[in-house]
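The values are calculated or read from the model by the stated rules, or taken from the named source; none is laboratory data. Note that the structure is a prediction, hence the values are computed from the model and not measured. Backbone-built Cβ (ideal geometry, glycine too); neighbour counts: all protein chains shown. Each accessible area value is taken on the protein alone, full model and side chains, heavy atoms only, with ligands, DNA and RNA left out. Shrake-Rupley method; radii C 1.70, N 1.55, O 1.52, S 1.80 Å.
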Amino acid sequence: MTPESILLPRSAFGHVTATETEKTQVTDYALAQAAAAGDMPAFEALYERHHRRVYSLCLRMTGNTAEAEDLAQEAFIQLYRKVGSFRGESAFTTWLHRLTVNQVLMHFRKRGVRMEQTTDDGDVPVQVVQGTENPASMPVVDRIALDRAISQLPPGYRTVFILHDIEGHEHEEIARLLGCSVGTSKSQLHKARMKLRGLLRQQNPPQ
Amino acid sequence: MNCEKCQALLSELLDGTLTDEERAHVGRHLDECMVCAGVRAELSAIVTTAHDVRNYTLAPPNSRALWLRISNTIEAERAQEQRTAAQVAAVVSSRRESVLTRVLHKHWTLSLPQLSAAVAALVIGVAALTVFTVQSLRRAPPTEAKLPPVHRSINDQELDVLMQRVEQRKGRWNPRMREAFERNLSVIDAAVNDSLEQLDQSPHDEVSEEALNDAMSHKKELLREFADL
């Protein structure tokens, strides 16, 4: 079931009766407008629809449940403050997603998290796979194993991998969000994938 | 092409961003090299699984408790805003009342020449205002007034005041504190500049606008913290 199609659990608008509301699929945009006018049940309905996605994104980007909860809380508080500026030009989920990513990146900047970057003199080089490595292929990658491996990536690699391979951002947008070049974004993504490959092989060594 | 060069291009091969020539080179190497072909297959499996991961969401340990924390914070903010608005309204109305009360309760005793002079001044004032209004209307172009062009700049008096205070206090800080401040400020300024650049390119981009507001409020927060140190 997509977030857009969830039925509103209870009355979200003062002028609509509970029965009417339960029968109506209320769009995110309508809920956002009601929330902007101070309607807390409407805002709660938005929370019910989207909190799992927001929390999951925060958790994957930080790799820490407590931090993820705090960031999800902050993201929803920011959402409440800014929901009035949502004009429905893009999908609500996209808008909320970008707001959450900004929130997490701002948190990283405050905390002084080092975003691994390729410098001219070169930093962490990618380990070239040689013929001496166990030739058996990596065991089948499942979602849980991949999630576990992602949590072990350095923060910079993790951020680029999540934004590109999981959330589907283009390199140009990632570069803008992180304040780096497109080339750096591509390079970090490749390093992240190679690192993940190594981590997944360590988790379940090929027989 | 050797294995090192081939493996460096595997991600771009998977993302379809290689040129035809590069793709042909890499393809030839992969046909001959089992090791690189294996790495390509494994990276491909990772990318495919990552696409599926997006659809799996996790619930926070206690969704209800998280909602209560969020709603409590929002309610507290709203209550504070209402209190502030009520206080501002009370101050404004008391000022208005006091000015009005003073004017209405004043006893006016004017002599005949004073009264005549006041009436004459009033008549001249009204006539001058009428002439000015008529001339302005004639001068105004018949077309609709154009909206001013979008122009964004950071002009915040509070920010300037805070910055001045910070500059005054900087001398007393130890080097580590100064370094921490400069580092944080440069990161925030980078975010501000980035958002401004984006807004110059697309002036109605909501997200860049939000990012700018976020960055500005973080800057204020940072300056407030350091202005008291």
Taking the range A:50-84 on its own, how many of its residues are touching a residue at least 40 places away in the same chain (Cβ under 8 Å) and within 7 Å of chain B (Cβ to nearest Cβ)?
2
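What are the residues in the range A:173-190 that are touching a residue at least 12 places away in the same chain (Cβ under 8 Å) and open to solvent by 10 Å² or more (accessible area, probe 1.4 Å), if any?
Within the range A:173-190, the subset touching a residue at least 12 places away in the same chain (Cβ under 8 Å) is A:174, A:177-178, A:180, A:183-190.
Those that are touching a residue at least 12 places away in the same chain (Cβ under 8 Å) and open to solvent by 10 Å² or more (accessible area, probe 1.4 Å): A:L177, A:L178, A:C180, A:G183, A:T184, A:K186, A:S187, A:H190.
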Show the residue pairs that are 6+ apart or on different chains and have beta-carbon atoms under 9 Å apart, the first residue being within the range B:100-121 and open to solvent by 90 Å² or more (accessible area, probe 1.4 Å), the second being at pLDDT 65 or above and in a helix (DSSP H, G or I).
B:L110/B:A118
Given (1) closer than 30 Å to A:T62 by Cβ; (2) modelled with pLDDT of 90 or more; (3) not small (G, A, S), number of the condition B:V26 does not satisfy
(1)
Name every residue in the range A:85-104 that is assigned to a helix (DSSP H, G or I), within 11 Å of chain B (Cβ to nearest Cβ) and either open to solvent by 30 Å² or more (accessible area, probe 1.4 Å) or in contact (Cβ under 8 Å) with a residue 60 or more places away in the chain (or both), in order of residue number.
A:S85, A:T94, A:H97, A:R98, A:V101, A:N102
Residues located in the range A:152-172, provided they are under 19 Å from B:D194 (Cβ atoms), surrounded by fewer than 18 Cβ atoms within 10 Å (Cβ to Cβ) and within 11 Å of another protein chain (Cβ to nearest Cβ)
A:E170
Given the conditions (1) at pLDDT below 80; (2) open to solvent by less than 70 Å² (accessible area, probe 1.4 Å); (3) of a type in the set (D, E, K, R), report the number of the one that B:K146 does not fulfil.
(2)
Members of the range B:16-40 found to be open to solvent by 60 Å² or more (accessible area, probe 1.4 Å) and within 11 Å of chain A (Cβ to nearest Cβ), listed by number:
B:T17, B:M34, B:R40
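In the range B:54-67, how many residues are open to solvent by less than 50 Å² (accessible area, probe 1.4 Å) and out of contact with any Leu (no Cβ under 6 Å at 6 or more places or on another chain)? Outline the logic, then answer.
Quick first cut of the range B:54-67, residues open to solvent by less than 50 Å² (accessible area, probe 1.4 Å) only: B:57, B:59-60, B:63, B:65-67.
From the residues that got through so far, the ones that are out of contact with any Leu (no Cβ under 6 Å at 6 or more places or on another chain) too are B:57, B:59, B:63, B:65-67.
Of the residues in the range B:54-67, 6 are open to solvent by less than 50 Å² (accessible area, probe 1.4 Å) and out of contact with any Leu (no Cβ under 6 Å at 6 or more places or on another chain).
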Are there any pairs, at least 6 apart or on different chains, whose C-beta atoms fall under 7 Å, with the first in the range B:173-199 and free of Cβ contacts under 8 Å to residues at least 24 places away in the same chain and the second hydroxyl-bearing (S, T, Y) and open to solvent by less than 30 Å² (accessible area, probe 1.4 Å), and if so, which?
B:S195/B:S208; B:Q198/B:S208
Can you confirm whether the range B:202-220 contains a residue that is in a helix (DSSP H, G or I), surrounded by fewer than 17 Cβ atoms within 10 Å (Cβ to Cβ) and over 13 Å from the mean Cα position of the chain (by Cα)?
no
